[in-house]
Amino acid sequence: MATPAEPRLDQLPHALLSTIMTKLDISSICSLSSTCSTFRSCAKHILSFLPNFHLIDIAPSGDLLTPLLPPNPYMKSLKVDCDRLDDSAISYLVKPSLHELSLFNCSDFSGKLLSQIGSQCKDLRSLYLGSVAEKRGRAIHMSDLEELLTGCSQLEVLIMMFDVSLFLRQNLARVWASASEKLISLEIGYISSVTVIELFSSNSGSHQPPNPIQPSILPGILKLCLSVNYITDAMVATISTGLIFLTHLDLRDAPFVEPRITFDLTNAGLQQINQLGRLKHLSLIRSQEFIICYFRRVNDLGLLLMADKCTNMESICLGGFCRVTDTGIKTMLHSCSRLYKLKVTHGTQLTDLVFHDISATSLTLTHVSLRWCKLLTNHAVLSLTSNRELKVLDLRDCRSLGDEALRAIGVLLKLKILLIDGSDITDAGLSYLRPTVINSLYALSLRGCKRLTDKCITILFDGCGKLELRDLDLSNLPNLSDNGVLQLAKSRIPFLDLRMRQCPLIGDTSIMALASMMTDDAGWHESGLRLLDLYNCGGITPLAFRWLKKPYFPRLKWLGVTGSVNRDMVDALARSRPFLYVACDGEELGPDPCDMSDGLYTHDYDEVDEFEQWLLEADVNEDDEEMEDDENVEELIM
């Protein structure tokens, strides 16, 4: 008697399968479609009515993206990395039905992208555009911006991460006067402070006589994030006066030269911020990207004058206030009873006294960043950890911290992100994290803690069981060797991001161990690494590149290596894995964990290995015989 065949998933009704697949993201849909013809047929069908299309982990070419975006009148949200696209892709990216559109790395697009969005996407609510027209020969005209702002009359969120100062300044205010009245959030990648003043001054772009009571041309803005050349008194005063409903203000500058007093922020300007007391988030950052530069005209008095109006503040980020001492920061801490996030960078005069009596306040801090505050010691951390609700703690480059700081941190049971780069901790000190903290951590950075050795891996991870840790930075540890990485591989922790740059004792053995790492006892799950940074690791030879090709590291998206090891093999690797970004010049890969602290440890990382197979229509390894895979890649036809 014949045994009845077991029912298979692909034998379910087509309509039911399609309904199930609509609950998946794009990567999962494409992964599933690569398994059989039934699922492939369902995938092609649902792409014509799928409401969300998000593809930002890879940068597809136009030929690969076109069949994934058939006519779809039901699509509401589209997010795509456009690094390999140009104006020819506008026709299938810009859809009239969209409510949300996010296009990243649009350097090869011209201003036509803006004008077409304005003419086609009348119902758009949220728009993100990154790096538009940054390639030589591409341009954005004022008419393109005007058509975007006029056409998208329902727009509520606008993020333009490119240089808006390229537009003619004398017409900019007039053009912005036509922007959606519903706009509540605006973020601009770069704009001059003078243009900001003209843009947000009352009556800008209006032909009516001046009226001191009349609000600015964007009266409904609640959130404003700008990167400017200089943060000045005049600019912050104009913003505070013109945007009376503002609750979120984020300003960042990066001067090329030391600013004069007329182009700088002073105590008087700081006093103009938050006159109505509505601000909940304030961020004022002076970057040292180009020169070592500070807010030298602001001291404790400025913060004392501002503190009276900050009772509703929930988040404060201050960077480059070199003359502000413990007194100024303590005043803010005692005035802002609702504060949960505190970030201070380059606080050159902050000492342990800043947190001396923090336990006497009603604060419940969850996010604290004190980067480059080099006078802080273990005593500051001990006082700070009285906030047992801390989830993010960034103490990078606080070089006086040692094992006693780790002992204090060991009581933080809810800690998700811990960054202690450049501190004076030892292997033994890390044992304080082992009983409890290591079980809750999602991201841990020990970069530049030069006293650490291979033993730190054993102390942290030996016999630790299942951990939530996904992001680990072991860069610039001169005593970390292949033996330590072997121990790390044996721990079977399913890391997503692993950074070990500038470790001179790490070599080929480490790459082989990571390539062969299984993440469960049954040996079913291979390495899930999405980011691996091995830049300037002294022991890596051309032999290691054989372990970086498929089928090893199937989900790898970012790889950092030293190109001078063997430039031909690096280039061949990049050709053989077109969706792998290979960095050879020492640039940092991936986002800063602290910058993503609000959502990093809940992010859903997609399966994308089968997706690459589904996209590629031929063997991608034919460019170089040395890197050619032994396996045959099945050609998948849409």
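Summary of computed values
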{"quantity": "Where only C-alpha atoms are counted, convex hull volume of the chain per residue in Å³", "calculated": "177 Å³"}
{"quantity": "Exposure rank, largest accessible area first [Arg136, Arg567, Arg447; 1.4 Å]", "calculated": "Arg136, Arg567, Arg447"}
{"quantity": "Within-11-Å neighbourhood charge of Thr377 [Cβ basis; K, R +1; D, E -1]", "calculated": "-1"}
{"quantity": "Extension reserve of the Lys450-Arg136 stretch, reckoned as 0.36 nm per residue once the Cα distance is removed", "calculated": "108.7 nm"}
{"quantity": "Of all accessible heavy-atom area on segment 48-141, the percent that carbon and sulfur account for (1.4 Å)", "calculated": "48 percent"}
{"quantity": "Convex hull of Cα atoms in segment 240-321, direction-averaged projection (nm²)", "calculated": "5.2 nm²"}
{"quantity": "Size of segment 278-367 as Cα extents on the principal axes (Å, biggest first)", "calculated": "38, 29, 25"}
{"quantity": "Electrostatic dipole magnitude of segment 1-92 [Cβ: Lys, Arg +1; Asp, Glu -1; Cα centre; debye, to 20]", "calculated": "360 debye"}
{"quantity": "Computed over segment 381-514: relative contact order in percent, which uses C-alpha pairs under 8 Å that are six or more apart", "calculated": "19 percent"}
{"quantity": "Per residue accessible area in Å² of the chain, where ligands, DNA and RNA are left out and the probe is 1.4 Å", "calculated": "43 Å²"}
{"quantity": "Segment 334-401: C-alpha pair distances exceeding 16 Å, %", "calculated": "42 percent"}
{"quantity": "Placed amide H near Ser481: partners under 5 Å, 5+ positions off or other chain", "calculated": "Asp454"}
{"quantity": "With 5 Å bins from 0: P(r) over segment 373-429, alpha-carbon pairs, percent", "calculated": "5, 21, 34, 28, 12, 1"}
{"quantity": "Charge dipole (debye, nearest 20) of segment 261-344; +1 at Cβ of Lys and Arg, -1 at Cβ of Asp and Glu", "calculated": "160 debye"}
{"quantity": "Karplus-derived 3J(HN,Hα), 6.51/-1.76/1.60, for each residue of segment 432-449, Hz, glycine and proline x", "calculated": "5, 7, 5, x, 9, 4, 4, 6, 9, 5, 9, 10, 9, 10, 10, 4, x, 7"}
{"quantity": "Net dipole in debye of the chain [+1 Lys, Arg Cβ; -1 Asp, Glu Cβ; about Cα centre; nearest 20]", "calculated": "2560 debye"}
{"quantity": "Within the accessible area of segment 256-399 (1.4 Å probe), percent carbon and sulfur", "calculated": "53 percent"}
{"quantity": "Dmax and Rg, reported as Rg then Dmax, of segment 222-284 (C-alpha, Å)", "calculated": "11.4, 33"}
{"quantity": "Cα pair distances in segment 71-143, grouped into 10 Å bins until the bin that holds the longest one, percent each", "calculated": "21, 57, 21, 2"}
{"quantity": "For segment 467-475, Karplus couplings with θ = phi - 60° (6.51, -1.76, 1.60), whole Hz, Gly/Pro x", "calculated": "10, 8, 4, 10, 10, 10, 10, 10, 5"}
{"quantity": "Cα convex hull of segment 403-458, projected area averaged across orientations, nm²", "calculated": "3.4 nm²"}
{"quantity": "Mean Cα-pair separation over length for segment 223-338, i.e. relative contact order, pairs under 8 Å, 6 or more apart, %", "calculated": "26 percent"}
{"quantity": "Segment 131-178: proportion of alpha-carbon pairs further apart than 15 angstrom, %", "calculated": "48 percent"}
{"quantity": "Residue-by-residue Karplus 3J(HN,Hα) for segment 155-163, coefficients 6.51, -1.76, 1.60, Hz, glycine and proline x", "calculated": "5, 10, 10, 10, 10, 10, 8, 7, 7"}
{"quantity": "Rg/Rh (Cα only; Kirkwood hydrodynamic radius) as it applies to segment 1-159", "calculated": "1.10"}
{"quantity": "Average Cα contact separation per residue, the chain, under 8 Å, 6 or more apart, as relative contact order %", "calculated": "6 percent"}
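The values are calculated or read from the model by the stated rules, or taken from the named source; none is laboratory data. These numbers were taken from a predicted model, which means no experiment stands behind them. All Cβ positions, even for glycine, are placed from backbone atoms using ideal geometry, and neighbour counts span all protein chains on display. Heavy atoms of the whole protein, side chains included, go into the accessibility calculation; ligands, DNA and RNA do not. Shrake-Rupley method; radii C 1.70, N 1.55, O 1.52, S 1.80 Å.
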